[in-house]
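Asker: Okay, here's the structure, questions in a sec.
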Amino acid sequence: VIDQGTPDRAVLTTCAYCGVGCTFRAEMKGDQLVRMVPAKEGKANRGHSCVKGRFAWGYVNHPDRVLTPLIRARITDPWREVSWDEAFAFTAERFRAIQAAHGTGAIGGITSSRCTNEETFLVQKMIRTVFGNNNIDTCARVCHSPTGYGLKTTFGTSAGTQDFDSVAHADVVLVIGANPTDGHPVFAARLKKRLRQGAKLIVADPRRIDLVQGPHLRAAHHLPLRPGTNVALLTAMAHVIVTEGLTDAAFIAARCDGDAYADWAGFVAQDHLSPEATADLTGVPAADVRAAARLFATGGNGAIYYGLGVTEHSQGSTTVMAIANLAMATGNIGRPGVGVNPLRGQNNVQGSCDMGSFPHEFPGYRHVHDADTRTMLESAWGVPLSGAPGLRIPNMLDAALDGSFRGIYIQGEDLAQSDPNTNHVAAGLSAMDCVVVHDLFLNETARFAHVFLPGSTFLEKDGTFTNAERRINRVRRVMAPKAGLADWQVTQGLANAMGAGWDYPHPERIMAEIAATTPAFANVTYDLLEREGSVQWPCNDAAPLGTPVMHAEGFVRGKGLFVITDYVATDERTGPRFPLLLTTGRVLSQYNVGTQTRRTANTVWHAEDRLEIHPHDAEQRGIAEGDTVRLASRAGETTLRATITDRVAPGVVYTTFHHPDSRANVVTTDNSDWATNCPEYKVTAVQVSRTNAA
Ligand code: SF4
């Protein structure tokens, strides 16, 4: 039952699922939420919503929520309910004991992209100023860290270039490695509206996603590339654009580094990178690649939207830079209707990265090596800061296995379910002396925890989220935190138990500190957000009301930098034992590992993860629709039921990862992006067989 009566008040707040960041009116009766109504004043959604934001909030009241802090000496002991103060004291004592025995760097933490800017800012501040190291990472490590690396290298800043309104001015849209219909539904609706008005669509995806052919829509080109060949395909498109003289020479001359462009143009023009030479590798007919490249270069305003099908590869960062190259070569940067637009998965993945959740960067993407930034922050925070980059999540787990990393604070992230090679994650967590899980539910990671700190849902939060278009939206408290403390208070309590002496009275004070120390946020205040509804960073004296379109006059780095993008095949190879390639994605009604959506009434819409397999591959293996099949890789194996469909090409299988029972990440490997360690979830060599096969 969704509708529970007539509301007596409403609170304007922001959806906590995907990176679209829809604004909702939370309608309340007393202290009970009656319904969520999409708000017309929301600049990201303009009155629209999807099923998740509108209906999937029942988890807030789910009986599985843990509302009392828990501790235990060993992970084999039963949990013991304790007060907040006892939980903080227990944790502080363990962390300090670890540091005394194994050094300052033996502990660290992870921020959550589900939490507010203010909450993630405090966690990274605690790690840097109280733990005394830079061992801080974020769940963005496993999704969009290559976006940060690739866009910072080419353009100078780690963010999408446009606002969502921009799509209304696009003439040609390239969607690569993204399925907006399921992953970013409200943006997908705005894109489809533009396509119905006549804009042309190119889809590069191994799977025939809905955008390829749906009601009243048909993509001009579908490039069904073999998983793992994004770089080869994008370079082949660039080859066509350069060798056929379709570049925007004036834009390149005025806005880009000329030497780098000359090197890049010479590189992509090589014969062995042409669509014809790479057709066998990518699996895409050369004529289709040529036609798509010509359309993108000559069809008017060209916009590129991409998702995890770009980033979660061993060449994720290279692919992001190949996309940036394509946009610069065709002059598609710096005005409405164009640009490079990562579709961010989580509600605040942009914000958690902005807030300094990386081991090598302070808030605002300033390197820890940067002495001026360090001096400024040391003055603001009153403690010396380390200039040595800390450990990333995979390095923390590796260091746990060699005994040098022994304690971790995990804010709202289920490492044991969502990170690749589950067996390795479990071994790393098991080797630690103090694992602190700060979350809503006793998740898979909590099986390895010594301390559980109850978290608060978005309805219990006050603060801000930053969406995929850099839009800072207010999150307003709809109800009191059910566990007694908001998440920022929990971090403050733990930091103070370790001697910090913080006294933040409200998240607004934290935002004031963010603005004072982070140039891109310099003019952001809750008063401004109240007046404007939301603003897009950079928001400072140069842009007092924010910046919808970036790089309009010049790139943040000065001249745009073309980067040579050599294709390097993933180590994950098919062979006789593992002849198929597995890739993964999402469905509309579920969200990530399903922690929240599975605890709402919408579970019936997608009750299990299925394995999609092409009819040819199914017939070869004697697999019928609905059969339970064994899915095995070099890393592990699991079982799923089969769906036989030609949405996937022969040789490719596909599944979602929303249900713990499917254990999809048991089969994914340790391979990762060369620059950022983002796991290669999208390419795994597998074998599929009937469970009762000989
Ligand atoms: Fe929430 Fe994203 Fe759906 Fe909007 S599109 S309601 S932000 S899940």
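The values are calculated or read from the model by the stated rules, or taken from the named source; none is laboratory data. What you are looking at is a predicted structure, and each value in this text was computed from that prediction instead of being measured. FYI the Cβ positions are ideal-geometry reconstructions off the backbone, even for glycines, and counts take in every protein chain you see. To get the accessible areas, we keep the full protein, side chains included, count just its heavy atoms, and leave off ligands, DNA and RNA. Shrake-Rupley method; radii C 1.70, N 1.55, O 1.52, S 1.80 Å.
Asker: What fraction of the DSSP beta bridges in the chain is antiparallel, stated in percent and rounded to the nearest 5?
Answerer: Restricted to the chain, the bridges split so that about 55 percent are antiparallel.
Asker: Ok, one more. Starting at the first residue of segment 266-271, write each ³J(HN,Hα) from the Karplus equation 6.51 cos²θ - 1.76 cosθ + 1.60 with θ = phi - 60°, in whole Hz, x for Gly and Pro.
Answerer: x, 5, 6, 6, 4, 4
Asker: Using the per-residue mean of other Cβ atoms lying within 10 Å as a proxy for protection, in what order, highest first, do the peptides 221-231, 439-449 fall?
Answerer: Values: 221-231: 23.8, 439-449: 20.9.
The most tightly packed comes first, giving 221-231, 439-449.
Asker: Provide Rg and Dmax in Å for segment 221-297, with only Cα atoms included in the calculation.
Answerer: 12.7, 37
Asker: Nearest 5 percent is fine: what portion of the DSSP beta bridges confined to segment 347-449 is antiparallel?
Answerer: On the way: 3 of 8 bridges.
Around 40 percent antiparallel, to the nearest 5.
Asker: Calculate I(q)/I(0) for segment 433-562 by the Debye formula, one identical point scatterer on each C-alpha and no solvent, and give its log10 at q = 0.12, 0.14 Å⁻¹ to two decimals.
Answerer: For segment 433-562 at q = 0.12, 0.14 Å⁻¹, log10 I(q)/I(0) is -0.63, -0.79.
Asker: While we're on this one: Using a 1.4 angstrom probe on heavy atoms only, work out the carbon and sulfur share of the accessible area of segment 132-220 in %.
Answerer: Numbers: 1190 of 2510 Å².
Carbon and sulfur together cover 47 percent of it.
Asker: Going by amide H atoms built from the backbone, whose H comes under 5 Å of the H on residue 641, apart from near neighbours?
Answerer: 611, 629
Asker: A follow-up question, please. How high is the relative contact order of the chain, given as a whole-number percent (alpha carbon pairs under 8 Å, six or more residues apart)? The partial results should precede the final answer.
Answerer: Numbers: 1647 pairs, mean separation 136.6, N = 694.
This gives 20 percent for the chain.
Asker: Hey, got the dipole for the chain? About the Cα centre, +1 on K and R Cβ, -1 on D and E Cβ, debye to the nearest 20?
Answerer: Numbers: 65 positive and 71 negative charges, 284 e Å.
It works out to roughly 1360 debye.
Asker: I would also like to ask the following. Would you please give the residues with an amide H less than 5 Å from that of residue 684, counting only those at least 5 places away or on a separate chain, with H modeled from the backbone geometry?
Answerer: 582
Asker: If you don't mind, there's one more thing I want to ask. Taking the radius of gyration and the Kirkwood hydrodynamic radius from Cα positions alone, what is the Rg/Rh ratio for segment 217-371, to two decimal places?
Answerer: Working: Rg = 16.9 Å, Rh = 16.9 Å.
Rounded to two decimals, Rg/Rh equals 1.00.
Asker: Could you please report the charge total around residue 549, scoring K, R as +1 and D, E as -1 over all other residues with beta-carbon less than 13 angstrom from its beta-carbon? Intermediate values should be presented prior to the final figure.
Answerer: Numbers: positive: 335, 470, 471; negative: 163, 165, 469, 553.
That sum, taken over residues with Cβ under 13 Å, equals -1.
Asker: Along the charge dipole of the chain, Cβ charges K/R +1 and D/E -1, which of 154, 60, 302 sits furthest on the positive end?
Answerer: Farthest along the dipole direction, towards plus: 60.
Asker: Next question. Once phi is turned into θ = phi - 60°, what whole-Hz ³J(HN,Hα) does the Karplus curve with 6.51, -1.76 and 1.60 give for every residue of segment 221-238, x standing for Gly and Pro?
Answerer: Karplus values, whole Hz, x for Gly and Pro: 9, 10, 10, x, 6, 5, x, x, 10, 3, 5, 5, 5, 5, 5, 5, 5, 5.
Asker: Take the solvent-accessible surface of the protein heavy atoms, probe 1.4 Å, and return the percent of it on segment 332-371 that carbon and sulfur atoms account for.
Answerer: On the way: 440 of 720 Å².
Roughly 61 percent of what the probe reaches on segment 332-371 is carbon or sulfur.
Asker: At q = 0.07 Å⁻¹, work out log10 I(q)/I(0) for the chain with the Debye formula, treating every Cα as an identical point scatterer and leaving solvent out; two decimals please.
Answerer: -0.44
Asker: Applying a 10 Å radius around every beta-carbon, put 429-436, 196-203 in order of their mean neighbour count, most first.
Answerer: Working: 429-436: 20.9, 196-203: 17.2.
Descending packing order for the listed peptides: 429-436, 196-203.
Asker: Using θ = phi - 60° and the Karplus relation 6.51 cos²θ - 1.76 cosθ + 1.60, list the HN-Hα couplings for segment 641-649 in order, rounded to whole Hz, with x at every Gly or Pro.
Answerer: With coefficients 6.51, -1.76 and 1.60, one gets 8, 8, 10, 9, 7, 8, 4, 9, 7 Hz.
Asker: Moving on to the next point. Which listed residue (421, 18, 356) has the Cα farthest towards the positive end of the charge dipole for the chain, taking +1 on Lys and Arg C-beta and -1 on Asp and Glu C-beta about the Cα centre?
Answerer: 18
Asker: A follow-up question, please. At 0.890 mPa s and 25 °C, plugging the Kirkwood radius over alpha-carbon pairs of segment 298-420 into Stokes-Einstein gives what diffusion coefficient in µm²/s? Please report the intermediate quantities before stating the final value.
Answerer: Values: Rh = 17.7 Å.
Reported coefficient: 139 µm²/s.
Asker: Net charge near residue 300: determine it from the other residues with C-beta under 11 Å of the C-beta of residue 300, scoring Lys and Arg +1 and Asp and Glu -1. Before the final figure, lay out the partial values.
Answerer: Working: positive: 200; negative: 171.
Cβ neighbours under 11 Å give a net charge of 0.
Asker: Taking the Cβ of residue 119 as the centre, find all other residues whose Cβ is under 12 Å away and add up their charges (Lys, Arg: +1; Asp, Glu: -1).
Answerer: Numbers: positive: 114, 125, 461; negative: 118, 460, 462, 487.
Here the count lands on -1.
Asker: Rank by packing, highest mean first: peptides 615-621, 182-188, with packing defined as the count of other Cβ atoms within 10 Å averaged across residues. Intermediate results must be reported in sequence, preceding the final value.
Answerer: Numbers: 615-621: 15.7, 182-188: 23.6.
So the order, starting with the most tightly packed, is 182-188, 615-621.
Asker: Return one whole number: the accessible area per residue of the chain in Å², for a 1.4 Å probe. Don't jump to the answer; show the numbers that get you there.
Answerer: Values: 23480 Å² over 694 residues.
Solvent-accessible surface per residue comes out at 34 Å².
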